[in-house]
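Bear in mind that the values in this text are calculations on the coordinates, not laboratory data. Quick caveat, the model's predicted, so the values are computed rather than measured. Cβ sites come from the backbone with ideal geometry, for glycine too, and all protein chains shown count toward neighbours.
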Amino acid sequence: VPINTTLTLQPEHPFVGDNITLTCSSTIQRWPKGYGTSHLSYQFHGNTRGATDNNELQIQKLIKSDKGTSIKCQATDDLRKVSNMSNTVTLDPFYGPENVVVEPEIRYINVTEGTTLGPIHCIAKCNPECRYNWNQNISGNFEPVKNKFISKNNQSVHMHVPTITRNQAGTYRCRVDHPVVKGRSKIKDIIVNVQSPPTKPTITLRPNNPFVGDNISLTCKSTAQRWPGNIPAHLLYQFIGNNRGEFNNNRLIMNNLTKLDKGTNITCQATDDLGKVSKISKTVILDPYYGPENVVVKPAIRSLNVTEGSALGPIHCIANCNPECQYIWKQQMTGNFHPVKNEFISNNSVHVPTITRNQSGTYRCLVDHPEANNRTKIKNISVNVQYSPKITEIWLSSNNESSGLSTPITYNFNEEVIVKMTLRIESNPDPQILFNSSLLKFKIINIKINGYIDYISNLPSLKCEDSGNYQILARNGIPYADTRTVSLKIYCKPRNATAESGTIGTKVGTEESIVLNFISFPAPNVTWLRVTSFKWTILKERYDYKHKINSKIHIRTEEDFGVYGIKICNQFGCIVENITLKPQDKPETPKNFSVETATFRSLNISWIAGFNGGHEQTFSVHYKATDDFKWDKRNVQTSNIRTGSTVYYTLDQLKPDTSYQVTVVSKNIHGQRNASLEFKTEDMPEAPQYFSVGLVTDKSVILSWIAGFNGGHQKTFSVQFKTTDDDKWDVHTVHNDRTRMGSTVYYKLDQLKPDTRYQVMVLSRNIHGHRDTSLEFKTKVEYPGKSTSKTTSISTLSIVLACGYPVLFAVIIVLLVVINRRNKSSTGGSNPTNINSTTSDEYTVIQRGNPTFTEPYSTLQSPTESTALRADSIETDTYDECGIITDIEVNQTIDNRKSGNSKDEHESGKENTKERMYANMKI
């Protein structure tokens, strides 16, 4: 067995990118001596790549991912004996230094003197761990940085200078070496610039004392140095507190100063290219000069009115200046301005405690700037000294006559006279003249002889109602207006007669009070111009010229409506006023509203028109069924309807046998009145239903029908019949008092002609008319001497069954027909054609005639489902008519009917079809 298996690596410490060789060796002995050396083969374990050559494994260009690869080997001899596992070789390729970086990753670091440099990290990748050295370029040579500025960790070396000085400026180098192999080094340089902070700047203002509207400039200055090289640093400037203006590096220019700039605090700062900011400069406070401006006098009016004897002012002169304005007051006298006496001046105000009318005039305020010449402004105010009016003379005149008044005097004027009033008044300002509180417009006349001013005005057009005492008031807004009083009496004829309404709407049977108000001086007389028993009462009101008259008119009939004239007179004239009484009321209720005639679908009504209330009236008819909610309306077309006229109207398209409510409405513009009644429509009876033929013999036939609705009145039945070739109808009255709706009525027609076609009609009649239904049939052929007890029994049985049990009658008839057919077959010699014809004829009459005989086979199979008349809808006691037909002898047999069968079938096939029978049953 192979032993001592070993694995060796060359080179011993390979780097990434190197080629390596791993050699496996083992030994073996074989006995007896002289036998040749055993041949060994080798196998490598853990290798993922590379090429083997017997006992060697070669791996090209090591990579970092080969790190940690474990490789072993074994030897196998030619007897397939395997050695033990060799030692393990674990790959760990060297590399580095690589990816050398300095953080922060910048080439130049600018730092302010006295601040901290770093930490600056030097980082690289090596296997095994890199070795780091920091050096500083001093005087052209790199020397190690002091250890106190260096710190290490597992992956990098940090340089940190807590307080840097200008002599520490320069280039710093990080050197990275491989710890095993010399000569594998890399370096990274960084340049550190140390700079002094900016000095506190100075700020200057030009001009020193600017005015509002001037342009100013502010300049900011500061310095800073940089090492190595002692180079001046580039500075940026910022002005603080400024909200407008233009910047030019260290200069701020502000154009057109305004008052809003006052109090603006402006400072500046310098910032170097390291972002270091200087201290703030001293503050420049803007305080621009201005004024005088906005010169005003308060009260803010150009003219000031002041009452004589009162105080003038204080009148304040106000302006805006910076610094404070200077003020001077002057007064215009004899065309020139002179300073106001100091006793009336207080600071910038003027105040005259007791002013007289000769102190009127213009007062002027002059405002100057204390620091500048030629900036003076002025403000004038006109002072008007006023005094209250005084009436010294007064004249009232008409027809060019005048009189001076010193005490109240009464004047009499007619309405047509124009009165002129002249007043002589002393007043400033001009007075307003009020004549009994009415503002007058006066023509001003200056009388220069004595200096008085006369005021002349025509009084407003005087009316009768203007009579009375009048106060003449002269006022101009100054206290203590002057007054005078005169008394006027104005004469006029009656006028302005007014009533509450010239037209009075009223009703017959009422009494109307007539009241008129009018103007008249002196008092008038009043008379009616229409005959009436009422008198006038004349009442004087508060004033002599105002009067009220009262009277009454009684409306007894329509003739009392109309126009009433009223004549009012005094010595100056008369007037006539008219009062019109007109009817004004809702129309009277229609009278005698009643029903003339009524049918089953219409109603004739009538009424008498009442008084129309004084306006055109219209009529309308409203109606509805009593169980309805909706009313139908029909307008009645009438013309020239007078009181007492009878109006007729027809309501049609009504429902038969229905109760209605009817209202007739009379209407005009004032309202409506109505009258009402109720009625019920009538109706004709319904046509008999299911009219059909029962048993037919040669001389008789049994008819049946079901009674319909009687139309609300008692009804009777009658049967009319004739042969088809006759024109005359025979009439039989059906005597039967049991005709309730749904009852089945049976009737026998006898004494007919054999083998003859008949038309028969049944009529249902009440007081309103009748309705009918009809059909056709044919009697049988007569066979003398052929009557047998069998046929008699069959007929009698048929009648009994028909009278007793109408529902089973059809079934029995069908059975009898079948039995008769068999009897005829048993006698021999029967014609098959005739047999079929007879069967068809009988079956047609039975099946198509009476619903009692409908569908015999269905009746046999399901008697409870009869389609004609159910047991609960047929009265079984309606066979009282059977007393009429119980003695009937049916002599017709099956044998003696053969001769007429062919013809009967031929004719019945054309006329007695199902459709024909139903058509005859229609109403």
Which order, highest average first, do 1-10, 610-619 follow once you tally other Cβ atoms within 10 Å for each residue and take the mean per peptide?
-> 610-619, 1-10
Place +1 on the Cβ of every Lys and Arg and -1 on the Cβ of every Asp and Glu in the range 117-254, take the dipole about the Cα centre, and give the residue among Ile240, His178, Gly140 whose Cα lies farthest towards its positive end.
-> His178
Neighbour-count order for Ser156, Ser86, fewest beta carbons within 10 angstrom listed first = Ser156, Ser86
Over the alpha-carbon set of the range 291-385, work out the extent along each principal axis and list the three values in angstrom, largest first.
-> 41, 24, 23
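If we count every other residue with Cβ under 12 angstrom of Ser461's Cβ, Lys/Arg +1 and Asp/Glu -1, where does the sum land?
Values: positive: Lys463; negative: Glu415, Glu416, Glu465, Asp466.
That works out to -3.
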Residue-span extension gain [Asn347 to Asn305] - 0.36 nm each, minus C-alpha spacing | 12.8 nm
The range 3-90: projected area of the alpha-carbon convex hull, averaged over directions, in nm² | 6.0
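Test of understanding: express the Cα radius of gyration of the range 608-718 as a ratio to 2.2 N^0.38 Å, with N the residue count.
Numbers: Rg = 23.5 Å, N = 111, 2.2 N^0.38 = 13.2 Å.
In units of the globular-protein estimate, the range 608-718 measures up at 1.79.
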Where in the range 62-140 are there trypsin sites (Lys or Arg not before Pro) that are in a DSSP coil and have at most 12 other Cβ atoms within 10 angstrom of their Cβ?
-> Arg80, Arg107
Tell me, what is the percent relative contact order of the range 502-564, built from C-alpha pairs under 8 Å that lie six or more residues apart?
-> 43
Under 10 Å, Cβ to Cβ, from Asp287 - net charge with Lys/Arg +1 and Asp/Glu -1 = 0
Local electrostatic count, Thr532, Cβ distance below 10 Å [Lys/Arg +1, Asp/Glu -1] = +2
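Normalized C-alpha radius of gyration of the range 95-195, against 2.2 N^0.38 Å?
Scaled against compact globular proteins, the figure is 1.06.
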Among Trp631, Trp395, what is the fewest-to-most ranking by other Cβ atoms within 10 Å?
-> Trp631, Trp395
Take the Cα atoms of the range 202-285, build their convex hull, and give its volume per residue in Å³.
-> 87
Where in the range 218-268 are there trypsin sites (Lys or Arg not before Pro) that are in a DSSP coil and have at most 12 other Cβ atoms within 10 angstrom of their Cβ?
-> Arg244
GluC sites (Glu not before Pro), restricted to the range 267-340: which are DSSP loop and have at most 15 other Cβ atoms within 10 Å?
-> Glu324
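Let me know the charge dipole size of the range 500-583 about its Cα centre in debye, to the nearest 20, where only the beta-carbon of Lys, Arg (+1) and Asp, Glu (-1) is charged.
Using Cβ point charges on Lys, Arg, Asp and Glu, the range 500-583 gives about 200 debye.
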Mind jotting down the distance between the C-alpha centroids of the range 223-256 and the range 287-366, whole Å?
-> 52
Cα pair distances exceeding 17 angstrom across the range 500-583, given as percent = 47
